[in-house]
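Working notes for the structure below.
FYI, it's all coordinate maths here, none of it is from the lab. What you see is a predicted model; the values in this text were computed from it and never measured. Heads up, the Cβs are rebuilt from the backbone with ideal geometry, glycines too, and the neighbour counts pull from every protein chain shown.
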Amino acid sequence: MATRSMTRPQHVSVAARLAPAYDFLSTIPYIANDKSALTFSRTKEFTGFTLDELAHLSAKAYLPRKLVLDTAKETVALFMERWEAEKAALPMRQDVVETMDKHLVTLPIVTGKA
């Protein structure tokens, strides 16, 4: 029996891509002091999302540390680039954008203090 994808028909030849900001933008503007729904590796606190946390996660998952860290850095850089370019055009209230901007500067992975 062949397995079938319920989310993407087999006849569609579109490469799947992850949206780096998918879960990142979900509740932060609406719930003060929100945490991640899932533990990154050892913490749910956004301020604990550091390169060290990712290195710990890569070891637990038996993934190459350099690949994980390089991918994280690239994803953050691309997100920040897109966020700055697109945030004014996104269908969000200004207070949501401002909350996100304030949150981003608290993240070690964004500030480079990771």
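Just a few scattered comments:
- Being of a type in the set (D, E) and either farther than 19 Å from S36 by Cα or touching a Cys at 6+ places or on another chain (Cβ under 6 Å) (or both) is a condition met by at least one residue of region 91-106.
- In region 50-61, the residues that are over 15 Å from I109 (Cα atoms) and without any contact (Cβ under 8 Å) to a residue 60 or more places away in the chain form Cβ pairs under 7 Å with partners that are hydrophobic (A, V, I, L, M, F, W, C) and surrounded by 14 or more Cβ atoms within 10 Å (Cβ to Cβ), at six or more places apart or across chains, as follows: S58/V68.
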